[in-house]
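Worksheet: the structure to be examined is printed underneath.
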Amino acid sequence: MSAVWRCGRFEFVLDRPLIMGIINVTPDSFSDGGRFEEPLAAIAYGRELVAWGASIVDVGGESTRPGAAAVSVAEEIARVRPVIGGLADLDVPISVDTRHPEVARACLEVGAAIINDVSGFRDPVMVEVAAASDAGVIIMHMLGEPRTMQAEPCYDDVVAEVGEYLTHQASVLEAVGVERERIAVDPGIGFGKTLEHNIELLRRLPEIAALGYPVLIGASRKSMIGTILAEPDPTKRLEGSLAVAAWAATHGASVLRVHDVAETARMLQVTIAIAGGDLR
């Protein structure tokens, strides 16, 4: 029997990977910063993502690229709340990508159905926000914070340590009443990891999936792909992004967070056909 992930009024049967389309309403995100600063443009793009095959739309208002500076909570809310409110009528869950509980709360009020916390619910107030809602939650592993996370990251066993962190944070959420079926985990590709750490996490992805929670992989256009392909332009990393997504889809990932939704949907269509309809 396939696992289930509940996100507010939405319920996913995870018999094949879901595509999460990305909208960055920021001026400085590494790949598409500045494209969707205007709410109407972001809302229109969100509707396009769904038409192209996204099962979830993820909206973020603070860049988390390495070295990124923080923005104020008020500014982040001003960026994301109108977009999430404008997309809330879609028949897919809208996710807010934030590490600030005030932002999560403001977006839940206008229809967000998922809290995607890149800081992994370290903040007890964010835990309280999740417990007071019926939203789905995504626990991500990040070493440190965006400004410092790539300053010589070090692990004895990156897969074991990331897995222990994700399991612990899930238990924290469950202890305050967040149902297990609402929880997904993300090993945080590129967040406080070297190229070797990222590759090891992907190679041993079945060990993360064995934790028993839906696994999200977000590697789209990231620097690990740029390094492997010697491609400095994030918008020219499609082939590498699709390769990682295909690997993840066949090694236990339940959600693929991507920029290139249409291309990823077509890749999954072929991959599922080859697998006889079952990637699980």
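The values are calculated or read from the model by the stated rules, or taken from the named source; none is laboratory data. Everything numeric here is computed off the predicted structure, so don't read it as measured data. Cβ coordinates were reconstructed from backbone atoms using ideal geometry, including for glycine residues, and neighbour counts include every protein chain displayed. The accessibility values were calculated without ligands, DNA or RNA, using every heavy atom of the protein model including side chains. Shrake-Rupley method; radii C 1.70, N 1.55, O 1.52, S 1.80 Å.
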_Distance in nm between pseudo-label sites at E181 and E109 (7 Å out along the Cβ direction from Cα)_ = 3.0
_Packing rank of 248-258, 87-97, where each peptide gets the mean count of other beta carbons within 10 Å, highest leading_ = 248-258, 87-97
_Whole-Hz couplings from phi, Karplus 6.51/-1.76/1.60, listed for region 158-169; x for Gly and Pro_ = 4, 5, 5, 5, 5, x, 5, 4, 4, 5, 5, 5
*Can you give me the P(r) profile for region 122-280? Cα pairs, bins 10 angstrom wide beginning at 0, each as a whole percent.*
10, 36, 36, 16, 1
_Placed amide H near I19: partners under 5 Å, 5+ positions off or other chain_ = S55, I56, L256
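Given C-alpha coordinates of the chain, what is the ratio Rg to Rh with the Kirkwood estimate of Rh?
On the way: Rg = 17.0 Å, Rh = 18.5 Å.
When Rh is taken as the Kirkwood radius, the ratio is 0.92.
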_Solvent-accessible area per residue for region 37-196 (1.4 angstrom probe, square angstrom)_ = 39
*What are the ³J(HN,Hα) values, in whole Hz, obtained from phi via the Karplus relation 6.51 cos²θ - 1.76 cosθ + 1.60 with θ = phi - 60°, for each residue of region 267-280 in sequence order, with x given for Gly and Pro?*
4, 5, 4, 6, 4, 5, 4, 5, 7, x, x, 10, 9, 9
*Pop a pseudo-label 7 angstrom from the Cα along the beta-carbon direction at both A70 and D156 and give the gap in nm to one decimal.*
3.1
*One-quarter of the Cα convex hull surface for region 49-173, in nm²?*
8.3
*May I ask for log10 I(q)/I(0) of region 191-243 at q = 0.24 Å⁻¹, from a Debye sum over the Cα atoms as equal point scatterers with solvent left out?*
-0.96
_Karplus (6.51, -1.76, 1.60) ³J(HN,Hα), θ = phi - 60°, over region 114-121, in Hz, Gly and Pro reported as x_ = 9, 9, 9, 9, 5, 8, x, 6
_Among beta bridges that DSSP assigns inside the chain, antiparallel share in %, nearest 5_ = 15
